[in-house]
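Note sheet for the following structure.
The values are calculated or read from the model by the stated rules, or taken from the named source; none is laboratory data. All values reported here derive from a predicted model rather than from experimental measurement. For accessibility, only protein heavy atoms count, side chains too; no ligands or nucleic acids. Shrake-Rupley method; radii C 1.70, N 1.55, O 1.52, S 1.80 Å.
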Amino acid sequence: MTQETYHKVIDRIYREVLPYHGRGKVADYIPALSEVDPRQYGIALETLDGATVAKGDASTCFSIQSISKVFTFAMVVRHLGEKIWESVGREPSGNPFNSLVQLEHEKGIPRNPFINAGALVITDRLIDIYPRPKEAILDFVRELCGNNDIYYDRRVAVSEREHADRNMALAYFMKSFGNIHNDVDTLIDVYCHQCSIAMNCIDLARSFKFLAHRGVNPIDGKRILTESQAKRLGAVMATCGFYDESGDFAFRVGLPGKSGVGGGIVAYLPGKLSIAVWSPELDSHGNSLMGIETLERFTTDISSSIF
Ligand code: GLN
């Protein structure tokens with residue numbers, strides 16, 4: 001497909017989905033997120049052969065929240081390789097992102113790296129590996145999207161830190177099984193920072209291009225993950241990237257991707273393109289309602305998905 005065709009497809013979808021404003025609800029369990037204007041909607045698309053499309057609020061920065069779990073996972077798997085699967089599983093949980101229920105039965109080993117429990121384990125390993133973890137995360141994300149201005153939104157980080165009781169509970173519980181190594185306060189501080197990273201749809205679409213490009217960042221030609229690691233990360237996104245809505249996302253959209261409660265979703269079609277959508281109003285599973293609607297129409301219109 002040409003740049004012009006993608007433009008037409010995105011323009012049409014944007015017009016069709018815009019009236020969906022008001023159907024979802026902005027996240028309110030982190031006060032700083034509840035203050036975001038709900039009536040925003042952006043789309044950015046980047047193909048590996050050079051087409052780019054940006055529509056609506058594609059240049060407005062927002063809190064990427066759980067999308068950061070993909071970045072930290074990539075950083076850790078690069079260092080630990082297969083060993084990481086001793087500490088975290090790779091099965092969908094069928095439970096909400098911040099659920100505690102499976103952890104006791106499964107002896108402190110979270111189902112997958114994208115529910116909060118699993119992401120906390122990954123961030124804990126990241127703290128083991130990097131002496132300055134917060135700097136390392138920002139450096140990594142900046143390199144992925146080729147934008148040195150990516151920053152932590154301190155207001156969001158502080159707000160989340162003040163309301164982190166459930167994530168602290170998850171971390172302490174896993175620590176009792178020996179699956180968290182570091183001090184919980186330090187861990188929660190790094191985790192709240194990674195979730196507070198502010199990015200726009202254009203940066204996000206760029207930052208996922210290395211996954212569409214089988215582990216090599218097309219921006220600078222650097223290999224980030226081995227081909228196998230990139231494929232496997234895609235498999236975990238396709239099965240676990242949308243919490244207890246992962247099956248429905250595969251059914252409706254059919255792309256590996258990741259959502260965050262800030263209303264962002266990034267997804268990609270291997271070998272072809274990456275696409276980011278942002279709209280802060282969420283469905284009942286904590287995923288962007290207009291984001292999923294947009295991506296469902298997108299894969300239908302371009303007649304391509306991973307299936
Ligand atoms: N920072 C959020 C939390 O830990 C991330 C959740 C999300 O985006 N689903 O609760």
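General observations
- Degrees between helix 133-145 axis and first principal axis of the chain (Cα, 0 to 90, nearest 10): 20 degrees
- Each Cα pair under 8 Å and six or more residues apart adds its sequence gap; the mean of these over the residue count of the chain is a relative contact order of 27 percent.
- Average accessible surface area per residue within the range 101-173, 1.4 Å rolling probe, Å²: 46 Å²
- Overall form of the range 58-126 per C-alpha gyration tensor (a/c, 1.5; a/b vs b/c): oblate
- For the pair W85 and R12, the difference between a 0.36 nm per residue extended length and the Cα-Cα distance amounts to 22.0 nm.
- Most mobile of L80, L138, L233 in a GNM of the chain (Cα contacts under 10 Å): L80
- The range 44-92 and the range 208-232 have Cα centres separated by 11 Å.
- Pairs from the table (K8/K272; K55/K134; K69/K107; K83/K107; K134/K222; K8/K222) lying more than 27 angstrom apart at Cα are K55/K134; K8/K222.
- Anisotropy class of the chain from Cα gyration tensor, a/c 1.5 cut: prolate
- Share of carbon and sulfur in the accessible heavy-atom surface of the chain [1.4 Å probe, %]: 49 percent
- The residues of the range 234-307 have, on average, 27 Å² of accessible surface per residue, using a 1.4 Å probe with all protein chains present.
- Applying the Karplus relation 6.51 cos²θ - 1.76 cosθ + 1.60 with θ = phi - 60° to the range 62-77 yields 3J(HN,Hα) values of 9, 7, 7, 6, 6, 4, 4, 5, 5, 5, 5, 4, 4, 4, 6, 5 Hz, where x marks Gly and Pro.
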